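Enquirer: Sharing a structure below in structure tokens format, with a few things to ask.
The values are calculated or read from the model by the stated rules, or taken from the named source; none is laboratory data. Source: prediction; values computed, not measured. Here Cβ is always computed from backbone atoms with ideal geometry, including for glycine, and neighbour counts include all displayed protein chains. What goes into the accessible areas is simple: the full protein's heavy atoms, side chains included, and nothing from ligands, DNA or RNA. Shrake-Rupley method; radii C 1.70, N 1.55, O 1.52, S 1.80 Å.
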Amino acid sequence: MSKRERVVVPDQAEMRQQVYMTHIRDCQEAHRQQTGFARRYAIETYGCQLNENDSEYLAGLLDEMGFIPAPSVREADFIILNTCSIRQNADDRLFGNLGHIKRLRQDRPDLVIAVCGCMMKQSEHVDKIDKSFSFVDLIFGPQDIYRLPEFLYSRLIESRRVYAVSDEDVIIEGLPIHRARRFRALVSIMYGCNNFCTYCVVPYTRGRERSREPQDILKEIRGLSADGYQEVMLLGQNVNSYGHDLPDTAAGPRDFTSLLEAVARIGTFSRIRFMTSHPKDISDALLDVMSRYTCIERHLHLPLQSGSDRILEKMNRRYSQAHYLDIARKAREKIPGITLSTDLIVGFPGETEADFLETLNVMQQVQFDAAFTFQFSPRSNTPAAEMDDQISAEIVRDRFQRMIDLQNRHSLASNEQLVGKTMEILIEGSSSSDDQVLSGRTSCNRLINVTIPDTHLLPREAVDEKGRVIGQALEGKLAQVKITKAKTFSMLGEMETINT
Ligand code: SAH
Ligand code: SF4
Ligand code: F3S
């Protein structure tokens, strides 16, 4: 096999994919006739929901080409690792798993292995793969997903390896999709990020911000409604800047608030979620729309990162503590019962004890219902990695623990307020620890594990002949649940009724 080579994107590449697809389908059919089996694929996704959505498109393309999903990575003929580079531990995960896959490949030389996603946009990772994991057959970036048929053609038919990481800021519509969940459909409404927060790799891995046309998004979402989805999640790195790159029409600007309202007006969804909001771009109009439509989640994920104005400026976040507190106050005023969650970073370069105390101060004032807390992780080629006042690991650990302790108290107190209430949940399936307990989320995004006092409450198809609950059969259904106990990260409840 030749050395991995750079593939130049030809004009009209997306249309040419159809041709490659036909060839692969034929090749798959021949393989099936020879061996009696269809080739099987497994995709491992390490990143955010945008990455998960990308994996759903990869799976859709593979289904279309005659592959079938493998029950596990071990049983796959084609393995794709869709990587994330947001923090060091994400990078480490890839290399750990490539070590395992190396052994699989030694036993099965015909196993095809692809690595894609955000890490592939950074040359040091590609160099490391070339050096230590040279058995990887296909390397491509987040902007190259639609070219999977072409890459497979190179590998399966021409026995070539592929390196194809492009910087083209494309939007491709109409790709086939294999959705991973039955209860929630992910819909990327925009790609890339223009914000260049000084700690973050995303603008480098995902390119410049670009929005899909509203009519394309709405067409996809109407299709989801027709397919019976109850919950849709609109995705972008900063959904509040959706449409800034689209020209206005006679009907007015095409922005996130109008899009969200248009989705709400379809009228068939019980839950419309969205991620992520940037505090600098949140408008009063958005909060008003959220307060008007009960189908829009009672939840706002609004990353604060730091409570110190000095650090926010060094992070290039472009809002102040006062602005953030103002939005949080308005959100709680306009949308009763709203859950506010956030992302926080400790140990950003130059963070003093006083800066850190400002973060704790904002946490005290807002009383976040949930938070994702991160230790600053220097990312190569980002400005923050080069800043000279890096914080020692010991101080970071100490601040991190104090932050978690405070947040855990707030999360528990927030959940405790709901004990005794009856809330509606959308069921996501069986709980991970007990298949006879269901788990689901409220509109305000709280996770509830639910016991079923009497299986007669359930529709027939959700109970097997031994009287055991089949959690999968209840995915996407709405149930009324009485909250019986609060924990830090979830609550317990008992089912009262279910919509069948
Ligand atoms: N686009 C979203 C967040 C995307 S990344 C936003 O702007 O809010 C998710 C979270 O990872 C970020 O909110 C941030 O808290 C964290 N993060 C990103 N880069 C990081 C880094 N270098 N070190 C530690 N945490 C980081
Ligand atoms: Fe990263 Fe900032 Fe963009 Fe979020 S807004 S993806 S943190 S650069
Ligand atoms: Fe990770 Fe890329 Fe998402 S770096 S967080 S997978 S955009």
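Matching residues to (1) part of a helix (DSSP H, G or I); (2) of a type in the set (V, I, T); (3) at pLDDT below 95; (4) in contact with a helix residue (DSSP H, G or I) (Cβ under 8 Å, 6 or more places away or on another chain):
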{"position": "Q17", "(1), (2), (3), (4)": "yes, no, yes, yes"}
{"position": "T22", "(1), (2), (3), (4)": "yes, yes, yes, no"}
{"position": "Q28", "(1), (2), (3), (4)": "yes, no, yes, no"}
{"position": "R32", "(1), (2), (3), (4)": "yes, no, yes, no"}
{"position": "E44", "(1), (2), (3), (4)": "no, no, no, yes"}
{"position": "D54", "(1), (2), (3), (4)": "yes, no, no, yes"}
{"position": "G60", "(1), (2), (3), (4)": "yes, no, no, no"}
{"position": "N82", "(1), (2), (3), (4)": "no, no, no, yes"}
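Enquirer: Still on this structure, please answer the following. Quick check on R206: is it of a type in the set (K, R) and either without any contact (Cβ under 8 Å) to a residue 12 or more places away in the chain or within 12 Å of ligand 1 (Cβ to nearest atom) (or both)?
Expert: yes
Enquirer: Taking E353 and the conditions (1) surrounded by fewer than 16 Cβ atoms within 10 Å (Cβ to Cβ); (2) charged (D, E, K, R); (3) within 11 Å of ligand 1 (Cβ to nearest atom), which numbered condition does it fall short on, given that it satisfies the others?
Expert: That leaves (3) as the condition not met.
Enquirer: Please specify each residue of the range 306-324 satisfying the condition of being over 26 Å from the mean Cα position of the chain (by Cα) and of a type outside the set (V, I, T).
Expert: Scanning the range 306-324 gives S308, D309, R310, E313, K314, S320, Q321, A322, H323.
Enquirer: Also, quick follow-up: Quick one: would you say D245 is surrounded by fewer than 19 Cβ atoms within 10 Å (Cβ to Cβ), without any contact (Cβ under 8 Å) to a residue 40 or more places away in the chain, in the same structural domain as G192 (by TED's automatic domain parsing) and not in a strand (DSSP E or B)?
Expert: yes
Enquirer: Additional query: Looking for whichever is of a type outside the set (A, V, I, L, M, F, W, C), farther than 30 Å from S85 by Cβ and open to solvent by 10 Å² or more (accessible area, probe 1.4 Å) here; the options are R222, R206. Which one fits? Reasoning before the result, please.
Expert: On the way: R206 fails: farther than 30 Å from S85 by Cβ.
From the options R222, R206, the qualifying one is R222.
Enquirer: Can you say whether D216 is under 28 Å from E231 (Cα atoms) and either within 16 Å of ligand 3 (Cβ to nearest atom) or out of contact with any Phe, Trp or Tyr (no Cβ under 7 Å at 6 or more places or on another chain) (or both), as far as the supplied structure shows?
Expert: So D216 passes the test.
Enquirer: Just give me the residues in the range 259-283 being surrounded by fewer than 17 Cβ atoms within 10 Å (Cβ to Cβ) and within 16 Å of L218 (Cβ to Cβ), in sequence order.
Expert: Scanning the range 259-283 gives A262, R265, I266, G267, T268.
Enquirer: Please note which strands (runs of 3 or more DSSP E) are completely contained in the range 115-204 and include at least 3 residues that are assigned by TED's automatic domain parsing to the domain that holds L259 and over 30 Å from K280 (Cβ atoms).
Expert: Ranges flagged: none.
Enquirer: Are any residues in the range 397-434 in contact with a strand residue (DSSP E or B) (Cβ under 7 Å, 6 or more places away or on another chain), part of a helix (DSSP H, G or I) and more than 14 Å from I483 (Cα to Cα), and if so, which ones?
Expert: R399, F400, M403, I404, Q407, S411
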